[in-house]
Each structure stands twice: as C-alpha cells, then as structure tokens.
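The values are calculated or read from the model by the stated rules, or taken from the named source; none is laboratory data. Given the structure is predicted, the values throughout are model-derived calculations rather than measurements. Positions of Cβ are backbone-derived with ideal geometry, glycine not excepted, and every protein chain shown enters the neighbour counts. Each accessible area value is taken on the protein alone, full model and side chains, heavy atoms only, with ligands, DNA and RNA left out. Shrake-Rupley method; radii C 1.70, N 1.55, O 1.52, S 1.80 Å.
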Amino acid sequence: MLKVSKFGGSSLASAEQVRRVCDIITADSARRLIVVSAPGKRHSQDIKVTDLLIAAASARLMGKIGASECAEAIERYRSIASELGLPAEAIEPVARDFMERLEYSTTNADLYMDTMKAGGEDNCARLIAQVLQARGVEAHYVNPKEAGLLLSDEPGNAQVLPEAYNRLRDLRERPGITIFPGFFGYSEAGNVVTFSRGGSDITGAILAGAVRADVYENFTDVDSVFAANPSIVAAPAPIAELTYREMRELSYAGFSVFHDEALEPVYRAEVPVHIRNTNNPNAAGTLIVPHRTTNEIPVVGIAAMKGVCCVYLSKYLINRQIGFGRRLLEVLEGENISFEHVPSGIDNMSVLIREENLPEAKEKRIVEKIRQTLAPEDVSVERGLSLIMVVGEGMRHTVGIASRATGALAREKVNIEIINQGSNEVSMMFGIKSPDMETAVQALYREFFECS
Ligand code: ASP
C-alpha cells in the first residue's frame with residue numbers, strides 16, 4: 001500500500017500544526033510520499049509565507065531591498081524549528097537559502113519571482129524532513145529537479161510535461177519517507193517554475209498519478225468538502241463522496257478546497273483522492289472517485305464564482321455563416337484570452353470570460369476587431385456577472401432539475417441572464433448579476449438540500 005499525502009499551508013502554519021502533521025505521517029506506514037506547502041496563516045490576520053516572499057521579490061524588483069519581508073519569512077521557520085526543539089543551527093541553511101534567493105539576478109523578473117516563491121515550499125520540505133529525523137524516523141527531502149518534475153516554461157502558471165511521469169515513478173522505490181516540496185518544478189532549461197497559486201495540490205496529484213498511489217490524501221483544514229460555500233450558506237451539508245467530474249466542476253467555479261487543475265493527473269491514473277482534516281484526522285472527509293456508489297441524490301453541490309464578463313454579439317442568420325464562431329474565437333486567441341463558455345442562439349453568440357483576463361484596454365481592442373472582422377449588428381461587453389453551477393452526476397437520470405432550479409431563482413426574483421448545460425449533464429450553469437449571487441446560492445441550496 002502506498003499513499004501520497006499532501007499537507008496544505010494551514011496544516012504547517014505553526015510548530016503545533018507541524019507536530020500534528022508528523023503524528024499523522026508516522027501513524028500509517030503507507031504514507032511514504034509526502035508533499036508539503038509553505039507555512040500558511042496561523043490566524044485570519046496573519047500573512048502566508050508565500051505572500052511574504054512575493055512581497056520581498058516585488059520590493060526587489062522595484063529596486064528596493066525586500067530584506068524585512070524575507071526576514072519575516074525566515075522567522076516563521078525559526079520559530080517552528082525552535083518550538084519543536086531543533087538545534088539553532090538547523091535553521092541556518094534555511095536562512096542562507098532565502099538570503100541567496102533574494103540576491104538572485106532580477107534580470108528575468110518572472111524567473112526571479114518564481115525562484116523566490118518556490119523557497120517557501122522547498123525550505124518547508126527540508127524542515128519537515130529534519131523534524132521527522134529528530135524523531136528517529138527515516139525521512140529524506142527530495143529536490144523536484146533531481147526527482148524529474150519537469151514543467152512547461154510558463155512562470156507562475158506552469159503545467160506538467162508528460163515525460164515527468166516516467167521519471168517520477170522511481171520515487172516509489174525510495175527508502176523511508178520522502179518529503180517533496182509542492183508548488184514548483186523545473187523547466188527543460190533547468191529554471192524553477194511554479195504552478196498557479198495553491199499549486200501544491202497539483203504536485204501531490206502528479207506524484208500520486210506517477211507512482212500509481214493507492215490513494216492521494218489531501219490534508220487541509222476542513223472536515224470535508226461542503227455542498228455550498230459555508231460563508232454563504234450556514235452549516236452546509238458535508239459531501240461524503242464525489243466523482244472527479246463533479247469535483248472538477250465545483251472547484252472550477254470557486255470551491256477552493258482542492259485546486260481545479262489537480263484532478264487531471266489522478267483522474268488519468270484513477271487514483272482516489274481523500275480530502276481530510278489535519279486538525280480532525282478521524283473525520284470521514286470526502287472521497288473523490290471515478291464512479292460514485294451512491295447516486296440517488298441528483299445534485300451534490302452548488303458553486304459560484306464572481307468576476308465574469310460576457311462578450312455578446314448578434315447578427316441575423318449567424319447559423320448560416322460557416323466559420324463565424326471560429327473567427328470570433330480567433331479574435332480572442334489573437335489577444336491571448338482564454339474563455340470559459342460560449343452559449344449561443346440562432347442569431348447571437350456570447351463568450352464568457354473571467355474579468356481578470358479582459359482588462360479595459362484589451363476589451364476595446366477586441367470589440368474593434370470583432371466589428372471589423374465579423375460585422376455584427378450589435379456587440380457589447382457586460383461586466384459584473386457571476387456564474388452559479390449546480391453540479392451532480394445524478395442530474396442525468398432525473399427529470400425536472402432545471403425547472404426546480406429556475407423556479408427557486410424566480411421565487412427570489414433573481415434574473416437569469418444566461419443558462420448553459422453541457423451535454424454531459426454534470427452541471428447546469430446560470431449567469432446572473434453579481435449582487436444576486438448570494439441570494440441565488442442560498443435559494444438553490446434550499447431547493448436541493450432542504451426540500452425533498
Ligand atoms: N504556497 C503556495 C500558495 O500559497 C502553494 C500552495 O500552498 O499550494 O499559493
């Protein structure tokens with residue numbers, strides 16, 4: 001039995017948390033491949049180590065020194081090490097490493113930023129290995145370059161390269177417990193590159209897929225995935241089991257408990273994912289599996305994401321124009337904009353885009369280009385939208401879900417701007433104005449989880 005276990009930033013935020021993590025690791029001999037994040041927040045006002053490192057790097061990139069932010073990050077490691085009784089020298093390599101990173105060349109700003117960010121996870125992995133060794137456990141830090149975690153050269157947003165899987169497979173054979181830093185790997189040119197934020201989940205998933213783990217345990221700070229965001233719905237129902245597709249839809253639209261890009265590697269290898277709570281390891285957690293054993297509930301969760309905009313265009317007889325959609329999407333491609341959904345009617349098309357991907361300047365350019373190349377009768381951009389996703393594999397076999405959902409929204413006078421349902425019927429999407437977002441989620445939650 002081999003388990004890959006990943007511990008998130010809140011699980012490593014303090015000495016007490018690190019002690020808990022080490023107890024969990026040593027409680028099960030199958031936990032042989034451990035992935036760690038950088039220390040996160042100890043309380044709501046605290047700053048994550050990664051954010052301190054970003055602040056230090058940004059300061060240096062602006063011609064300042066960045067030393068105070070870097071010192072604050074080092075202090076986090078020092079206090080964990082000293083509270084856990086490690087000798088004072090244990091922290092020297094960590095301090096040296098951070099200071100060296102801070103002094104790296106800033107000629108390539110992206111490379112510099114990723115090198116700084118990666119230091120959080122890298123030093124945390126070294127520290128955890130030391131804490132375990134001090135307990136008499138055979139634990140070894142491994143560097144992602146040595147292990148073969150090859151990533152695309154996309155700083156801050158890298159993706160795994162297929163050849164990494166074969167190389168990483170050898171991790172299975174390592175003696176003792178391997179402590180692997182999350183969040184970063186190396187490009188083919190040998191440079192540090194990081195995933196997007198929260199990317200240690202992705203590292204864990206890649207390793208679990210590569211070594212064909214029996215399970216990928218993802219330890220975080222909640223007992224399970226919940227059916228709705230607890231800050232919108234009071235005490236939402238816990239979800240015991242989800243399919244990969246359901247989790248992907250939920251995390252895509254705002255469920256932050258598991259990174260939405262982390263499902264692909266485990267999905268391919270069919271490794272189940274177990275979301276668990278470091279602070280309550282006896283809780284059942286949520287299991288993410290290829291096929292759900294209980295299918296009687298049609299809807300498993302309701303997710304919502306703000307910050308969406310819609311590029312809308314209409315033209316009479318669009319349905320007769322070959323290549324219209326392609327040319328529209330080419331305009332976006334030309335500006336390097338990715339899109340989320342493309343709902344369409346007979347004489348109109350809408351493209352939903354995350355607002356962060358469509359700054360005002362780009363908006364002006366694409367509207368102009370659309371006018372020139374497609375000559376629509378109307379083209380406009382609406383900002384301030386939210387997408388609500390009603391998710392569940394069971395919807396496929398249940399009649400009337402759309403009617404219940406739209407009825408629930410209508411009763412709360414939420415105007416639906418867009419509706420979209422993929423033919424796989426794992427989710428139904430509603431586009432609404434953002435000020436209605438909370439009311440909409442609460443209404444849908446009541447409909448599917450409180451009325452039977
Ligand atoms: N430390 C990184 C972040 O804060 C990655 C992670 O925690 O997964 O985004």
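Can you tell me which residue is farthest from Tyr316 (Cα to Cα) among those in the stretch 327-339 that are open to solvent by 20 Å² or more (accessible area, probe 1.4 Å) and not hydroxyl-bearing (Ser, Thr, Tyr)? Can you show your working first?
Here is the first cut: in the stretch 327-339, the ones open to solvent by 20 Å² or more (accessible area, probe 1.4 Å) are 327, 329-330, 333-336, 338-339.
Going one step further and asking which of them are not hydroxyl-bearing (Ser, Thr, Tyr), we end up with 327, 329-330, 333-336, 339.
Working: Arg327: 16, Leu329: 19, Glu330: 21, Glu333: 24, Gly334: 25, Glu335: 26, Asn336: 28, Phe339: 24 Å.
Only one residue tops the list, namely Asn336.
A quick yes/no check of all residues on (1) in contact with a helix residue (DSSP H, G or I) (Cβ under 6 Å, 6 or more places away or on another chain); (2) hydrophobic (A, V, I, L, M, F, W, C); (3) farther than 24 Å from Gly9 by Cα:
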{"residue": "Val225", "(1), (2), (3)": "no, yes, no"}
{"residue": "Ile232", "(1), (2), (3)": "yes, yes, no"}
{"residue": "Arg245", "(1), (2), (3)": "no, no, yes"}
{"residue": "Ser251", "(1), (2), (3)": "yes, no, no"}
{"residue": "Ala269", "(1), (2), (3)": "yes, yes, yes"}
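Residues that are surrounded by fewer than 24 Cβ atoms within 10 Å (Cβ to Cβ) number at least 1 in the following strands (runs of 3 or more DSSP E) confined to the stretch 156-218: 177-181, 184-186. Any residue that is within 16 Å of the ligand (Cβ to nearest atom) and modelled with pLDDT under 95 - is there at least one of those in the stretch 80-100? No - not one qualifying residue is present in the stretch 80-100.
The criterion of being surrounded by fewer than 17 Cβ atoms within 10 Å (Cβ to Cβ), among the aliphatic types (A, V, I, L, M), at pLDDT below 95 and closer than 20 Å to Leu329 by Cα does not hold for Ile418. For beta carbons closer than 7 Å, sequence separation of 6+ or different chains, a first residue in the stretch 24-52 that is assigned to a loop (DSSP other than H, G, I, E, B) and among the hydrophobic types (A, V, I, L, M, F, W, C) and a second that is open to solvent by less than 70 Å² (accessible area, probe 1.4 Å) and within 12 Å of the ligand (Cβ to nearest atom), the qualifying pairs are Ala38/Gly9; Ala38/Val49; Ala38/Thr50; Ala38/Gly120; Ala38/Glu121; Ala38/Cys124. When each of Tyr186, Tyr244 is tested for being away from the ligand (no atom under 16 Å from the Cβ) and within 22 Å of Ala125 (Cβ to Cβ), the lone residue that passes is Tyr186. In this structure, Arg248 qualifies as touching a Leu at 6+ places or on another chain (Cβ under 7 Å) and either open to solvent by 50 Å² or more (accessible area, probe 1.4 Å) or under 26 Å from Glu340 (Cβ atoms) (or both).
Scan Val391, Val351, Val342, Val311 and give me the residue that is crowded, with 19+ Cβ neighbours inside 10 Å and free of Cβ contacts under 8 Å to residues at least 60 places away in the same chain.
Working: Val391 fails: free of Cβ contacts under 8 Å to residues at least 60 places away in the same chain; Val342 fails: crowded, with 19+ Cβ neighbours inside 10 Å; Val311 fails: free of Cβ contacts under 8 Å to residues at least 60 places away in the same chain.
Being crowded, with 19+ Cβ neighbours inside 10 Å and free of Cβ contacts under 8 Å to residues at least 60 places away in the same chain holds for just one of Val391, Val351, Val342, Val311, which is Val351.
Among the numbered conditions (1) open to solvent by 40 Å² or more (accessible area, probe 1.4 Å); (2) within 16 Å of the ligand (Cβ to nearest atom); (3) under 23 Å from the mean Cα position of the chain (by Cα), the only one that Gln45 does not meet is (2). Every condition in (1) surrounded by 13 or more Cβ atoms within 10 Å (Cβ to Cβ); (2) over 25 Å from the mean Cα position of the chain (by Cα) holds for Met437 except the one numbered (2).
The set of residues in the stretch 331-372 being part of a helix (DSSP H, G or I) and hydrophobic (A, V, I, L, M, F, W, C) consists of Val331, Leu332, Ala361, Ile366, Val367, Ile370. Evaluating Ala71 against the criteria (1) outside any helix (DSSP H, G or I); (2) more than 21 Å from Gly185 (Cβ to Cβ) leaves one unmet condition, (1). Val257 - would you say it is surrounded by 23 or more Cβ atoms within 10 Å (Cβ to Cβ) and in contact with a strand residue (DSSP E or B) (Cβ under 6 Å, 6 or more places away or on another chain)? No: the conditions fail for Val257. In the set (1) within 16 Å of the ligand (Cβ to nearest atom); (2) open to solvent by 60 Å² or more (accessible area, probe 1.4 Å); (3) aliphatic (A, V, I, L, M), the condition left unmet by Val36 is number (2).
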